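As structure tokens, the structure follows; a few thoughts come after it.
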Amino acid sequence: MDVETLEIGLFASNCHIISNDKGDALVVDPGDEGTRIIDALQRRNLKVAYYLITHGHVDHVSALAEVAAALPAPVAMHPLDAKWAFQPVNQMPPYYGTPKAPPSIDRDLDDGQEWTDADLTYRVLFTPGHAPGHVSFYFPDAQALFCGDVLFQGSIGRLDLPGGNVKDMENSLQKLLALPDETVVYTGHGPATTIGQERRTNPFLRSGALG
Ligand SMILES: [Zn+2]
Ligand SMILES: [Zn+2]
């Protein structure tokens, strides 16, 4: 399993391209700069098997319709975020306008589901708190986690946006901390890290840190 991360858009969001050795790919959070994402896929001759969305914020979904139009593949996200992600309520300056919806949401994600796409098996972890329908994707064979805006290197996702919830975030962080220390964590912003490194050094993971 190979991971290429593109830092995109006004909020420096991470779009992750996960691929197998046969050239099939999963695209996590095509949030902006659709042309760059399309170029990155085409340059390596990758065929998209699925678009996987961690959560609905503008900086994670704004290029989804454009990329999926150029390189058609089904889309998976949690219904609690799908219901507002492509509505005017999801406008966030300095982004302008409402993210364009893909032709369809083809798979409703939920906690504990296990899927195999592009020959890669992953588990869906429901991780709300930063957004009500936030999910993370855990690939046990590769010991890799794609956690959107839940956990960052040395930090955690904002809780002050609409739908944010402190108690949910505490539960979600506990769920991620239950993964093995070696798990590589591909975050929604900033560098990758590991569960072990965050367990040892992240000040937001000390008990009571969220109040
Ligand atoms: Zn977010
Ligand atoms: Zn974000």
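Laboratory data are not the source of any read-out in this text; all were calculated from the coordinates shown. Here the structure is a predicted model, which means the values were calculated and not measured. Glycine also receives a Cβ, built like all others from the backbone with ideal geometry; neighbour counts cover every protein chain displayed.
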message: Let me check against my output: what whole-number percent is the relative contact order of the chain, with C-alpha pairs under 8 Å and at least 6 apart?
response: 15 percent
- line: Computed ³J(HN,Hα) along the stretch 93-100: with the Karplus parameters 6.51/-1.76/1.60, θ = phi - 60°, integer Hz and x for glycine or proline, the list is x, x, 6, 10, x, 8, x, 6
- prompt: Which of the lysines could a cross-linker span from residue 22 if the Cα-Cα distance has to be under 17 Å and same-chain partners fewer than 8 positions apart are dropped?
  reply: 47
- prompt: Which ³J(HN,Hα) values, rounded to whole Hz and listed in residue order, are derived for the stretch 140-151 from phi using the Karplus coefficients 6.51, -1.76 and 1.60 in 6.51 cos²θ - 1.76 cosθ + 1.60 with θ = phi - 60°, glycine and proline given as x?
  reply: x, 5, 8, 6, 10, 10, 10, 10, x, 9, 7, 10
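I need the Kirkwood Rh of the stretch 91-183: take the reciprocal of the average 1/r across all distinct C-alpha pairs and report it in angstrom. Please report the intermediate quantities before stating the final value.
Values: mean 1/r = 0.0683 Å⁻¹.
Averaging 1/r across every pair of different Cα atoms and inverting gives 14.6 Å.
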task: Please turn the phi angles of the stretch 165-177 into ³J(HN,Hα) values with the Karplus equation 6.51 cos²θ - 1.76 cosθ + 1.60 (θ = phi - 60°), one per residue in order, whole Hz, x for glycine and proline.
output: 8, 5, 4, 4, 5, 4, 5, 5, 5, 4, 4, 5, 5
query: Hey, got the Cα dimensions of the stretch 1-109 along the principal axes, in Å, largest first?
result: 40, 28, 21
- prompt: Mean residue ellipticity at 222 nm from the helices of the chain, using -39,500 (n - 2.57) per DSSP H segment of n ≥ 4 over the full residue count, to the nearest 500 deg cm²/dmol?
  reply: -6000 deg cm²/dmol
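Viscosity 1.567 mPa s, temperature 4 °C: give me the Stokes-Einstein translational D for the stretch 2-205 in µm²/s, with Rh taken as the Kirkwood radius over C-alpha pairs. Before the final figure, lay out the partial values.
Values: Rh = 16.6 Å.
In µm²/s, the coefficient rounds to 78.
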field: DSSP beta bridges in the chain [antiparallel fraction, %, rounded to 5]
entry: 70 percent
message: At a 10 angstrom cut-off on C-beta neighbours, averaged per residue, how do the peptides 184-191, 39-46 rank from highest to lowest?
response: 184-191, 39-46
